[in-house]
1. Can you bin the stretch 1-72 into rounded, prolate or oblate? Criterion: square roots of the alpha carbon gyration tensor eigenvalues sorted a ≥ b ≥ c, rounded for a/c under 1.5, prolate for a/b above b/c, oblate for the rest.
2. Equivalent ellipsoid semi-axes for the stretch 219-304, as square roots of 5 times the alpha carbon gyration tensor eigenvalues: give them largest first, rounded to whole Å.
3. Pick out which of 63, 227, 365 has the largest mean-square fluctuation in a Gaussian network model of the chain, springs linking Cα atoms closer than 10 Å.
4. Which residue fluctuates most in the GNM of the chain (Cα springs below 10 Å): 88, 181, 315?
5. In Å, what Rg and Dmax follow from the Cα atoms of the stretch 156-305?
6. Would you tally the net charge around residue 86, using a Cβ to Cβ cut-off of less than 13 Å, leaving residue 86 out, and scoring K and R as +1, D and E as -1?
7. What number results when the radius of gyration of the chain, computed over Cα atoms, is divided by 2.2 N^0.38 Å?
8. If you wrap the stretch 340-424's Cα atoms in a convex hull and average its projection over all directions, what's the area in nm²?
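Taken together, the values in this text are just the output of simple stated rules run on the coordinates, not laboratory data. As the structure is a prediction and not an experimental result, all values here were calculated from the model. Here the Cβ positions follow ideal geometry from the backbone for every residue, glycine too, while neighbour counts run over all protein chains shown.
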Amino acid sequence: MAPAIAFAEPLPAALTPANFLPVDRKQAALGQLLFYDKILSGNKNISCGTCHHPKFGSSDGLSLGIGEGGVGLGTDRTAGTGHSRIERRVPRNAPALWNLGAREVHTLMHDGRISAADTYGNMFNTPAEEWLPDGIDSVLAAQAFFPLTSETEMAGGTGENEVSGAVTDRIDKGWPIVAKRVRTLPEYGEKFVEAFHHITAADQVTIVEIANALAAFQSVEFQSIDSPFDQYLAGEEVALAPAQKRGMDLFYGEAACARCHSGPLMSDQKFHAIGLPPFGPGRTRRFDLIARDVGRLGESDVLEDAYKFRTPMLRNIALTAPYGHNGAHSTLEAMIRQHIDPQKTFETWAPSSAQLPNAPWLQNSDFLIWQDRAEISRQKRVLSPSSPALSDRQIEDIVAFLGALTGSTVQTPPFGVPKRVPSGLPVD
């Protein structure tokens, strides 16, 4: 086995509040209510917090989410019944929200389709292209626009409500409808006037202020910089237990994890193909005739980007199972073994490993891709190890280190879940 020095990467600097964009606390407090208010969804039956809940580490505990039409929360969420039941699963795993308000964050989503780039003259490269409005504070605020337009996430099916119908016409047409719903509630109108200096009357509120408030809340609520690892980086050498320290040495040394999980945020914000076993509807391109997920290729149209996905940040990773862009693995150990021997994992992975709420009308299609020999062959071409071979003990130590990335105050966030929201709709 090669000496650790051959793979050595430097430890990152400790994260501090200075690493994060400044946030107005009144806007963050307003964002808390919006985050948990189902008024933002087309059918008024799902909120941002439904799929990004603190009980599940700011995710939902599922491999592929149950969005609009589902019932319940997290691992107890069901696929609905009757006319309102889901027509398909959310194509990808709900990503955790930790530290997305950091100054360094420039690319979001598993395929990077939202990024800070002046491609369309409005400071961001997004699916809305030139239709994204001006005045957005950050890439995190830009991201907040798009669950509202997604049929499976929050908008609802075509013809079910005025938002989904408008989005069918053009992606930006639903946002004014949502904004009007919010600003015409007196309590929200007053809070927007208090939180935004340029808003002097409720009728001035647009989707931009809503997105900026949502981002302000997420930036404060899901900031995590006090894990044992963070304490160690700040000079507290006793913050890590022996196994965690060994795992850290492997992570930044022999195991070469830090080649991609680099820097203070533990992500290079780039895209890599690690060969996760495929299933679910996938996020297909418009002309795809099969349920597959081509990853970054769908955004870049560069063939070399096929099956590549964004490197996730790792703070509080022990709280956010299952793992991968489609939640293929339920444990950190399984995810590490995926990096070490993707060929073996691909061949031995079982559908029972996926955390999928029962939906009998979808079961025939959930794993249909495995019958497409040509597509499976294409995906197998990217199956090459991204980590050196490791012993069981070394894997255990890395898992221990990943546990040391859990924030010490993660259970006592600044805001928490509100008991009520201005719309009067139930809070998950």
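1. Values: a/c = 4.76, a/b = 1.66, b/c = 2.87.
Oblate.
2. In descending order the semi-axes read 36, 16, 12 Å.
3. Ranking 63, 227, 365 by mean-square fluctuation puts 365 first.
4. Of 88, 181, 315, the most mobile in the Gaussian network model is 181.
5. 22.9, 59
6. Values: positive: 77, 85, 88, 89; negative: 68, 87, 151, 153, 160, 366.
Spelling it out: positives minus negatives among the neighbours equals -2.
7. Working: Rg = 21.4 Å, N = 428, 2.2 N^0.38 = 22.0 Å.
Normalised by 2.2 N^0.38 Å, the Cα Rg of the chain equals 0.97.
8. Working: hull surface 43.9 nm².
Its Cα hull, projected and averaged over all orientations, spans 11.0 nm².
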